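Accompanying notes for the structure given below.
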Amino acid sequence: MGSTNSTLLKIPNVEVLMRETGFSPAHIIRLHDRFKALDKEGRGYLCPQDFGAIKELAMNPIGDRIIGAFFSPRETVDFHTFVKILAHFRPVDKDRPKEPNSPEPINSRSNKLKFAFQLYDQDKDGKISRDELLKVLRAMLGMQVTEEQLESIADRTIQEADLDRDDAISFEEFRKSLEKVNIDHKMSIRFLR
Amino acid sequence: MESYLFPFDSLICMLLGISFTVWFTLLLVFIIVPAIFGVSFGIRRLYMKSLIKLFEVRALAELQDPARTQPLCSPPQWCFKRLAWATLRMERGAKEKNQHLYKPYSNGIIAKEPASLEQEIQEMRRGGAEPEFDMSDIFYFCRRGVESIVDDEVTKRFTAEELESWNLLTRSNYNFHHISTRLTVLWGVGVLIRYGFLLPLRVTLAFTGVGLLVVLTSIVGLFPNGRMKNYLSDKVHLMCYRICVRALTAIITYHDSENKPKNGGICVANHTSPIDVIILASDGCYAMVGQVHGGLMGVIQRAMVKACPHIWFERSEVKDRHLVAKRLSDHVADTTKLPILIFPEGTCINNTSVMMFKKGSFEIGCTVYPVAIKYDPRFGDAFWNSSKFGMVNYLLHMMSSWAIVCSVWYLPPMSRMEEEDAVQFANRVKAAIARKGGLADLLWDGGLKRGKVKEVFKEEQQKLYSKREPETSADAVRPKTGPFLNLLRL
């Protein structure tokens, strides 16, 4: 409770946050409310268990990877980090003027792809190895498909995407294999107001 | 000095004496006597109508949703929907001061794609060759996962419903800051009335009601078992619950009373707050089920059980499901005993939806009488958020609201059919209750408020995703995907 302005004032460095992420004040307030709702003990930061408490996320086959994307390399997530990571999912601003010196916005196509890449690349070596691909396939398909089928799917995927024949998919190869996909549509959440 | 004070002394005593007498007479005439006989003067309904007039508004035309008609640079837009007078004033005030208003939550923070997994993947496949798995398939799950981080269906049900229009209670409003003196004055007057007049009145009534319940049921308990005792016990229970109903200024409308639960059955209802018990029990006699408590609750429980058989479990017995089931079955088998009142959700939900019913009470195999309870949130939010407020705090909130207005629908009795198992029966009853009360029928378990999701749900998701994968990996021809569940509804 309290006025719009007073809630914004309670958040430190909120202007920087809005500038970096592109969220409007109304969005920041909503996200702040959501942050507080998830932070049940009111500590001011979130830990993996708080995300684990979201039932729909627990049901998601790659739920724990998504949680991992929030938390590695840190152990707790404060509000700023929370908003910055969620900013990846803002729709791309088509009308933004291209200033040559400004840093790339968090919700650019490239950054969205990087976020998705790290869901695959758990050991952070910059490549998706065959093993890592298998792990994701297993998570998404589970017991429904046999191990041989999983392996053949993995082999085929690597065959198609791996251009330099190192049996792993680098970020560039990942990006290239998805150049026809409308990433903005797939990796964006429509924030209301 | 003393002679100076004497006249004042006796004057004050006299005034106090008179006011007490007047107070108690009014109490007796207008509240206790009608409670005993189950009649009503209609004062509460009159009060409710005048409150409605205060909140109601001239309807304004709905402006378009700003999310769609947003030019690049524009003055702040306000979304006017049907508002209460108070909110209308706030909007005008905000416009004058050129502020952004914080809008009620009713639409959620994000727009979730209604497309199913099947449609999404078909779209993804449209460009290029046809592998069975694509690197971009992960996007769907990723996006849904992040969407649920920002806004999920379950957590929403365990916080109080937000109102579109303000009912002059600060606790249900997020916009309260000084907009106009007139509004603040009105709110202040409201506070005075509620805390200065209504609250003491209600607390007095509550104590009277509870006290009478304890005393009278103990007296009835001294009678020998028989028809007289049952008759008296019914009357006593009804009277005391009716006093409690007036203590909360609860205005209840009962529908379809011909379906009221009968002996030898189980009454199930959706659960929003502990007050549900009082609401149902003031219109019919039930056997309560619950854990034995200590303290005041314990005293009340022990007194009640003297007059007629209720089912109170020790804490240790609660874990033993067979024992619980046996005691319940024994009770319903005895047709002289009252119908059992059970809330199968197991926890308080915020009255916008009905969550999964626990199957225990549906395994007993007797007639089930479903009841739907729907509160009107305009007058005061009855939802008990047990993680936020304790019981006493909650009761204080209830007693300092304007009123509690609710509707109770008695649905026709249902029995378990031959082919159904307990879970299907429970879901059937749940759907009927949700439909009648106008609540959303959710598959989620209310126990998820505190517990973890079962593995079986994750397996369901995997199954659905994999169904679009072909059985043999040899051919690259993509099979025609058959109809399957919308992932989102799970």
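Miscellaneous remarks
- Among B:136-144, B:418-426, B:317-325, the peptide with the highest mean count of other Cβ atoms within 10 Å heads the list, and the full ranking is B:136-144, B:418-426, B:317-325.
- Computed from phi, the 3J(HN,Hα) profile of the range B:238-244 under the Karplus parametrisation 6.51, -1.76, 1.60 (θ = phi - 60°) reads 4, 4, 5, 5, 5, 5, 5 Hz, with x in place of Gly and Pro.
- For the range B:216-230, the Karplus equation 6.51 cos²θ - 1.76 cosθ + 1.60, evaluated at θ = phi - 60°, returns couplings of 5, 5, 5, 5, 4, x, 6, 5, x, 4, x, 5, 4, 5, 4 Hz by residue, with Gly and Pro reported as x.
- For the range A:42-136: rounded, prolate or oblate by the Cα gyration tensor [a/c cutoff 1.5]: oblate
- If the Kirkwood radius is taken over C-alpha pairs of chain A, then at 4 °C and 1.567 mPa s the Stokes-Einstein diffusion coefficient equals 69 µm²/s.
- Structure note, pairs A:36/B:430; A:112/A:176; A:127/A:176; B:260/B:436; A:36/B:374; A:55/A:94: Cα-Cα distances above 25 angstrom occur for A:36/B:430; A:36/B:374; A:55/A:94.
- From most to least packed by mean Cβ count within 10 Å, the peptides B:348-355, B:21-28 give B:348-355, B:21-28.
- Signed unit charges on C-beta, dipole axis of chain A, positive-most listed residue A:141, A:61, A:87: A:87
- Cβ-defined net charge surrounding residue B:270, 9 Å radius [Lys, Arg +1; Asp, Glu -1]: 0
- Semi-axis lengths, largest first, of the ellipsoid equivalent to the range A:1-63 are 25, 14, 10 Å, with √(5λ) applied to each eigenvalue of the Cα gyration tensor.
- Interchain or long-range residues, amide H under 5 Å from residue B:367's placed H: B:266
- Shielding by partners - mean other protein chain Cβ count within 10 Å, residues of B:388-399: 0
- Sorted largest first, the spans of the alpha carbon positions of the range B:311-430 along the three principal axes are 46, 34, 28 Å.
- FRET efficiency estimate (nearest 0.05) - Cβ-Cβ, residue A:47 to residue A:110, R0 41 angstrom: 0.90
- Cβ-based exposure ranking for B:187, B:409, B:384, in which fewest neighbours within 10 Å come first: B:187, B:409, B:384
- Between residue A:6 and residue A:124, the FRET efficiency from the beta-carbon distance, with R0 = 45 Å, is close to 0.65.
- What the Cα atoms of the range A:80-192 give is an Rg and a Dmax of 16.3, 51 Å.
- For the peptide A:25-37, the mean number of other protein chain Cβ atoms found within 10 angstrom of a residue's Cβ is 3.
- Gyration tensor (alpha-carbon) shape descriptor, the range A:130-193, a/c threshold 1.5: oblate
- Computed lengthening from residue B:418 to residue B:329, 0.36 nm per intervening residue step minus Cα-Cα distance: 30.1 nm
- Inter-chain neighbour count for A:46-58: the average number of beta-carbon atoms from partner chains within 10 Å of each residue's beta-carbon is 5.
Since every read-out is calculated from the coordinates, none of them should be taken as a lab result. Quantities reported herein were computed from a predicted structural model and do not represent experimental measurements. Using ideal geometry, Cβ is built from the backbone for each residue, glycine included, and neighbour counts are taken over all protein chains shown.
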